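What follows is a short report on a single structure.
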Amino acid sequence: MDKTYQPEQIETRWYERWEADNRFAPSGEGEPFSIMIPPPNVTGSLHMGHAFQDTIMDTLTRWRRMQGRNTLWQVGTDHAGIATQMLVERKVAAEEGKNRHDLGREAFTDKIWEWKQESGGEITRQLRRMGASVDWSRERFTMDDGFYRAVQEVFVRLHEEELIYRGKRLVNWDPTLHTAISDLEVENRDQQGSFWHFRYPLADGVTTDDGQDHLVVATTRPETLLGDSAVAVNPEDARYASLVGKFVELPLVGRRIPVVADEHADMEKGSGCVKITPAHDFNDYEVGKRCGLPLINVFTQDAAVREHAEAFDLQGRPLLDVDPSLPAAYAGLGRFEARERIVADMEAAGLLEQVEIVSNTLPYGDRSGDVIEPLLTDQWFVAVEELAGPAIAAVENGDIEFVPKNYENMYFAWMRDLQDWCISRQLWWGHRIPAWYDDEGNVYVARSEAEAREKHGLPAELALTQDEDVLDTWFSSGLWTFGTLGWPEQTPELATFHPTSVLVTGFDIIFFWVARMIMMTLKFTGEVPFQQVYVHGLVRDGQGQKMSKSKGNVLDPIDLIDGIALETLVEKRTSSLMQPQKAKAIAKATRAEFPKGIEPHGTDALRFTFLSQATTGRDIKFDMGRLDGYRNFCNKLWNASRYVLMNAEGEDCGADEGSEVELSLADRWIVSRLQQTQAQVTQAMEEFRFDHASQALYDFVWNEYCDWYLELSKPVLWDEGASAAAKRATRRTLVRVLEAILRLAHPMMPFISEEIWQRVAPLAGTLSADGGSIMNQPWPLADESLVDERATRDIEWLKGVIVAVRNIRAEMNIAPGKPLEALLTKGGPEDAERLAANRLFLSKLAKLERVEWLDDPAQAPLSATQLVGEMEVLVPMADLIDKDAELARLAKEIDKQEKLIGGIEKKLDNESFVAKAPEAVVEKERAKLADFEAARRLLVEQREKIEAL
RNA sequence: AGGACCAUAGCUCAGUUGGUUAGAGCGCCACGUUGACAUCGUGGAGGUCGGCGGUUCAAAUCCGCCUGGUCCUACCA
């Protein structure tokens, strides 16, 4: 093995080898285990969230595979409608100076396919760098042919059951992207805004009870005034009761609109009158429905004022009895410009009563960043009510379990208040809606145009045109778990791997994706999509900030793996910023945080860091310190392995079961502790507590195997006195425990474990004849019969004595390497036996040239002392003592013991404690008290001796 | 407005059904290159577990209130 651990040397090599050997495919044997990757955007690149999520999925997958499960990790990518279309649109604009309309639909979508070909490999290459053991032979894309079929099938069937319908409805319209978006794609942002109070003159000479000839309405959106259908007052509001059924004259427009009574009007707010614009406000739309008001649309798809309004009834049919005329002055103005002009004109007309500054919330498109406009358009919807019931029930009855459980509440809350899902998007990139129109506007839904004609008996000469819209990306990704397995065909894969075992996902897409998958999958397969949902948090930077390009705090997982020079990192973070003026601050912060850039850490260290930080479902602050620490851990494992190999290669390691072995205490102890570690790691994995799993492994490897067992093996291997059987036993234990450690580590750290295992396994006699891979080895099982409590206690004693001597060295300022004499005294016969049995270990590890049992404590020379249980460890030191320093140290120690004693005495003096606490607890306190008192006695005796000098 | 989650060492975090001398890693201090490893070893300093109150023999842990933070849902005509 190389002297230093160099991850870059081994990681790519092993991945290629595994892939070439087809080790990621399901074995076809054993209980199935399957995970569907949340498909990343096909043209995207790997960010920290992916890296985190992929690590968890891969750890689960490798672990279950080693357990002998028939394991499938299904991979694929998502076409990501809006995101991808925007990206290519920008690219075309930059390179050719054209927009998509210049190219036309076909040429533009060809460009996207080209771009997918070109860049689609990036994310999958990065997935490979993470070590993801996905079955590449089954890679899918949400717009591949099979998925088209599944999507069409689902659409047609839902339509046949009238669970998909088309209608003119108010939707969230993105005026920049020219498409409808779902509620979930709207981001509400708080701002300061103006709140204008307008006078609407009463028509026909009517006046209010207090003699006013107008009503006052207030709005944050004056431009929608053009589309007002009514003014509403609360039915309970006595002030305006006489006006209900009367009319106001809509200023600037001149249209007569009624005063209606509706509970939406809040008597407490403003004047109690509210303008109603059913075509431009969701609440008003509901009022319109209740009061039978016309929908008057005054905006174009660019959110500019129309020349003439369009009026519809609630069924979306044109209304001819509404005067569509609008003031010519506003035609063509954008909504914000129109707002200014309307406010100015109202003021000029003396109809502006006051302007308040208020804080309000505005809806923004999460992709375009534009203000979303509620707009009346023809769209397709899924009626979700019928689908939601079973989806709620599946979680309620435990068919689907969320981990952690509290996300179930979030799911229920959302599912119980579900609006119909607008699934049509006015985009070009996506699944085209399988609906055709004749020139009279009749719509035919079918799997193909041919099927539409056949189904509806349409003559060949009747011209049909397909719906221009595409489906929401989440419509197709909702079919992910069964679509990838071949549905609508009843494939063997579907039978074997569905429902999938666990979905690993972020809480941010529970609504977008998880909920819709559950609804769609239950509807079409009658099965839940997955049995468990492991929900993880967001990966934030070290300060807890969300990572974002604009903040300049993004870390690229690949840079953490390979390292990156400071200048390159600064360049990466400051290039192509939306706000270039931030570049300087970002560069400064980056230089301060990473003065030397980022060193290479390797994939295994990165994975281990994610796992160690993966605590139950909350956001993680990515900690560079831990990344360094776990890189060091890899290095530690590497070097420990070198030690083992140096001592075992070419030697008799007892692989032959018949050979004679003489197990030492250390051997029995480490094997025992290994069993417990195996049990701990397994349990942690079952509970999705990857932090506990990684911690248990780390502790065992570093603090027990390396710090103690390796040290304890040295005297046996290097000392002349040990028998051949003892040496063989130690080599066998060294090798076998290491081999098991590697298997235990493999799901978390696949590369280093494989690299070392290839060397160690032959010595342990576990490498199969075909060359094998650790990937396909059995997961280590704890063997209860190898747990040896006696050995653990003996080793604890041994460690206690060694630490006691080290403590004495530190306290007395004795060089660590200086050979010392030690005496053990007091204690019981067991202590004397332990000394006799462990003289070799003791003298080597504590650097003692002599260690003896002293029967009569009174014979002890002046010594530095430490207590191990009842027993005292003495290092004679008459010539080494600094009287004053020692007395000061003793005083401090005695004080500490007295505080502990005081605390316990107080407890034991408390009668109700003794009376009410369980006997075991009281006993434990008494035992502690005895220990502390013994320690104090020793210290006091010591003080007396020193004082007597 | 409603809800969720969080607050433990300078930093990032563990702490299972209440009983521990409250732990780990990083950082810090001192000493140390003995034949796996200075990406290391040995020893050490550092916390009244956000605040107040309650339940209990016993609270970091359970309950209530408060403060601070993160986030979600809804509303703001």
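Assorted remarks:
- Note on the stretch A:913-927: residues that are under 44 Å from the mean Cα position of the chain (by Cα) and either in a helix (DSSP H, G or I) or more than 8 Å from RNA strand B (Cβ to nearest atom) (or both) total 4.
- For the stretch A:466-484, residues that are in contact with an Asp or Glu (Cβ under 8 Å, 6 or more places away or on another chain) and open to solvent by 10 Å² or more (accessible area, probe 1.4 Å) total 2.
- Residue within the stretch A:563-574 that is modelled with pLDDT of 90 or more, within 15 Å of RNA strand B (Cβ to nearest atom), in contact with a helix residue (DSSP H, G or I) (Cβ under 7 Å, 6 or more places away or on another chain) and not acidic (Asp, Glu) present: no
- Screening A:Thr521, A:Thr505 for residues that are part of a helix (DSSP H, G or I), in contact with a Pro (Cβ under 7 Å, 6 or more places away or on another chain) and modelled with pLDDT of 90 or more leaves exactly one candidate, A:Thr521.
- Among the conditions (1) closer than 30 Å to A:Thr677 by Cβ; (2) surrounded by fewer than 16 Cβ atoms within 10 Å (Cβ to Cβ), the only one that A:Gly817 does not satisfy is (1).
- A:Arg793 being at pLDDT below 95, open to solvent by 40 Å² or more (accessible area, probe 1.4 Å) and either within 26 Å of A:Ala822 (Cα to Cα) or among the small types (Gly, Ala, Ser) (or both): yes
- Each residue in the stretch A:442-465 was checked for being within 15 Å of A:Gln379 (Cβ to Cβ) and surrounded by fewer than 22 Cβ atoms within 10 Å (Cβ to Cβ), and 1 pass.
- Filter result (within 24 Å of A:Ser713 (Cα to Cα), without any contact (Cβ under 8 Å) to a residue 40 or more places away in the chain and of a type in the set (Gly, Ala, Ser)) within the stretch A:784-838: A:Ser785, A:Ala815, A:Gly817, A:Ala832, A:Ala836
This table checks each residue for (1) within 22 Å of A:Lys924 (Cα to Cα); (2) at pLDDT below 85; (3) not in a helix (DSSP H, G or I).
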{"site": "A:Val875", "(1), (2), (3)": "no, no, yes"}
{"site": "A:Asp879", "(1), (2), (3)": "no, yes, no"}
{"site": "A:Asp884", "(1), (2), (3)": "no, yes, no"}
{"site": "A:Leu887", "(1), (2), (3)": "no, yes, no"}
{"site": "A:Ala891", "(1), (2), (3)": "no, yes, no"}
{"site": "A:Gln897", "(1), (2), (3)": "yes, no, no"}
{"site": "A:Ile901", "(1), (2), (3)": "yes, no, no"}
{"site": "A:Glu905", "(1), (2), (3)": "yes, no, no"}
{"site": "A:Leu908", "(1), (2), (3)": "yes, no, no"}
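- Scanning the stretch A:589-627 for residues that are of a type in the set (A, V, I, L, M, F, W, C) and within 29 Å of A:Thr61 (Cα to Cα) gives A:Ala605, A:Leu606, A:Phe608, A:Phe610, A:Leu611, A:Ala614, A:Ile620, A:Phe622, A:Met624, A:Leu627.
- If you go through the stretch A:62-100 and keep only what is under 19 Å from A:Gly44 (Cβ atoms) and assigned to a loop (DSSP other than H, G, I, E, B), you end up with A:Val75, A:His79, A:Ala80.
- Applying the criterion of being within 8 Å of RNA strand B (Cβ to nearest atom) and more than 23 Å from A:Gln545 (Cβ to Cβ) to the residues of the stretch A:604-636, the residue that is surrounded by the most Cβ atoms within 10 Å (Cβ to Cβ) is A:Phe633.
- Within the stretch A:511-537, residues that are free of Cβ contacts under 8 Å to residues at least 60 places away in the same chain reach no partner that is open to solvent by less than 20 Å² (accessible area, probe 1.4 Å) and among the acidic types (Asp, Glu) with beta carbons closer than 6 Å at six or more positions or on different chains.
- Residue within the stretch A:235-258 that is touching a residue at least 40 places away in the same chain (Cβ under 8 Å), within 12 Å of RNA strand B (Cβ to nearest atom) and under 26 Å from A:Leu375 (Cα atoms) present: no
- Considering residues of the stretch A:1-50 that are closer than 30 Å to A:Ile509 by Cα and within 16 Å of RNA strand B (Cβ to nearest atom) only, the residue surrounded by the fewest Cβ atoms within 10 Å (Cβ to Cβ): A:Gly49
- Counted residues, the stretch A:674-700 - those being of a type outside the set (A, V, I, L, M, F, W, C), open to solvent by less than 40 Å² (accessible area, probe 1.4 Å) and within 15 Å of A:Val787 (Cβ to Cβ): 4
- Residue in the stretch A:259-271 that is touching a Leu at 6+ places or on another chain (Cβ under 9 Å), buried (at least 17 other Cβ atoms within 10 Å of the Cβ), in a loop (DSSP other than H, G, I, E, B) and modelled with pLDDT under 90 present: yes
- Taken over the stretch A:507-534, the criterion of being open to solvent by less than 20 Å² (accessible area, probe 1.4 Å) and within 11 Å of RNA strand B (Cβ to nearest atom) is satisfied by A:Ile510 alone.
- Any hit, the stretch A:646-661, residues being near RNA strand B (Cβ under 8 Å from one of its atoms) and surrounded by 20 or more Cβ atoms within 10 Å (Cβ to Cβ): yes
- Qualifying strands (runs of 3 or more DSSP E) (wholly inside the stretch A:128-213; at least 2 residues being among the aromatic types (Phe, Trp, Tyr), over 27 Å from A:Ala80 (Cβ atoms) and open to solvent by 10 Å² or more (accessible area, probe 1.4 Å)): A:186-201
The values are calculated or read from the model by the stated rules, or taken from the named source; none is laboratory data. A quick note: this is a predicted structure, and the numbers were derived from the prediction, not measured. Quick reminder, even Gly has a Cβ in these numbers, built from the backbone with ideal geometry, and neighbours come from all protein chains shown. All accessible areas refer to the heavy atoms of the entire protein, side chains included, with ligands and DNA or RNA removed. Shrake-Rupley method; radii C 1.70, N 1.55, O 1.52, S 1.80 Å.
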